[in-house]
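Only one structure is covered here, and it is reproduced in the block below.
The values are calculated or read from the model by the stated rules, or taken from the named source; none is laboratory data. Please read all numbers here as calculations on a predicted model, not as lab measurements. No Cβ is skipped: glycine too gets one built from the backbone with ideal geometry, and neighbour counts run over all protein chains shown.
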Amino acid sequence: MSLLAGAPNFRAVDPLPAGGGRRLRPGLIYRSGALASLTRDDTAAIEPLGIKLICDLRSASERRRFPTVWPALAPARTIAMPAESDREAGMQPLIDRLAREPGPDGARRAMLDLYGSLPRLLAPVLQAALAAAASGWGIPILLHCHVGKDRTGVAVALILTALGIERAAITTDYQETANRIDIAVETRHFARTLGMVLGRAIDPGTLDQLGRTDPAYLAAAFGAIDQIWGGPAGYFDAIGISASGRERLQALFLD
């Protein structure tokens with residue numbers, strides 16, 4: 001059952017296993033889709049969670065069209081995606097790819113490419129968020145995009161990786177999104193937008209590829225990290241989260 005009626009994909013990340021028999025402490029990392037439709041009961045449910053930091057991974061246009069609703073009695077700082085990432089992290093690359101390569105195969109390649117680009121695009125937000133968390137004030141943390149699947153999925157996966165959470169558990173958390181949202185509803189909205197832009201109906205096979213929580217998509221993000229930065233340690237070093245910083249984060253987030 002969803003905690004929030006207006007954000008069905010809002011949830012706490014479970015106490016996932018890390019190395020050395022440790023686990024993620026409950027109630028420290030939350031993830032969601034858009035927060036524009038929260039009810040009064042929803043905001044009342046959020047207040048006691050004590051969320052201090054919101055990472056809004058949506059584009060500027062998404063933020064304008066679907067402004068976040070947040071309880072006034074639970075102030076939280078927001079870190080937004082930088083403007084230069086708007087185009088690449090949003091729908092436009094998918095639209096461009098599907099215009100060139102219509103159909104399910106093109107959609108799958110577009111999703112794999114998107115996930116491969118997300119570690120780079122998310123780096124500024126992750127650096128700021130992890131630095132805030134390491135300082136102690138940015139915990140608990142909430143990460144969200146529009147649906148809570150792709151951008152949020154990779155961002156949460158990377159934070160969990162910095163904490164030493166086991167890769168299989170990270171993948172399981174990513175796939176849990178499929179149980180939390182009605183992908184058919186989300187892809188219908190996407191199909192209308194794509195159809196208007198491309199001037200044609202979008203076939204079900206294409207929508208299936210776009211709506212999946214496919215472990216191969218998440219693996220593409222980690223594959224890009226291995227190829228470009230030589231692995232997660234190199235990636236986190238490159239964005240300013242050193243080994244000692246990661247140890248500090250693990251001390252804060254793990255039991």
Test: A60 is surrounded by 18 or more Cβ atoms within 10 Å (Cβ to Cβ), at negative phi and touching a helix residue (DSSP H, G or I) at 6+ places or on another chain (Cβ under 6 Å)
no
Unique match (being buried (at least 17 other Cβ atoms within 10 Å of the Cβ) and touching a strand residue (DSSP E or B) at 6+ places or on another chain (Cβ under 8 Å)) among L28, L94
L28
For residues that are among the hydrophobic types (A, V, I, L, M, F, W, C) and not in a loop (DSSP other than H, G, I, E, B), scanning just the range 35-57, find the one that is surrounded by the fewest Cβ atoms within 10 Å (Cβ to Cβ).
A44
With respect to A221, determine if the residue is within 27 Å of A36 (Cβ to Cβ), at pLDDT 95 or above and surrounded by 18 or more Cβ atoms within 10 Å (Cβ to Cβ).
yes
Pairs needed: first member in the range 167-181, free of Cβ contacts under 8 Å to residues at least 40 places away in the same chain; second member anywhere, crowded, with 16+ Cβ neighbours inside 10 Å; C-beta distance under 6 Å; at least 6 residues apart or different chains.
A178/T213
Counted residues, the range 134-181 - those being at negative phi and in a loop (DSSP other than H, G, I, E, B):
13
Give me a count of the residues in the range 182-215 that are surrounded by fewer than 19 Cβ atoms within 10 Å (Cβ to Cβ), touching a residue at least 40 places away in the same chain (Cβ under 8 Å) and either touching a strand residue (DSSP E or B) at 6+ places or on another chain (Cβ under 9 Å) or aliphatic (A, V, I, L, M) (or both).
2
Going through R97, R87, R109 one at a time, which residue ends up being modelled with pLDDT under 85, basic (K, R) and closer than 17 Å to G211 by Cα?
R97
Do we have any residue at all in the range 3-16 that's in contact (Cβ under 8 Å) with a residue 40 or more places away in the chain and either assigned to a helix (DSSP H, G or I) or more than 20 Å from D173 (Cβ to Cβ) (or both)?
yes
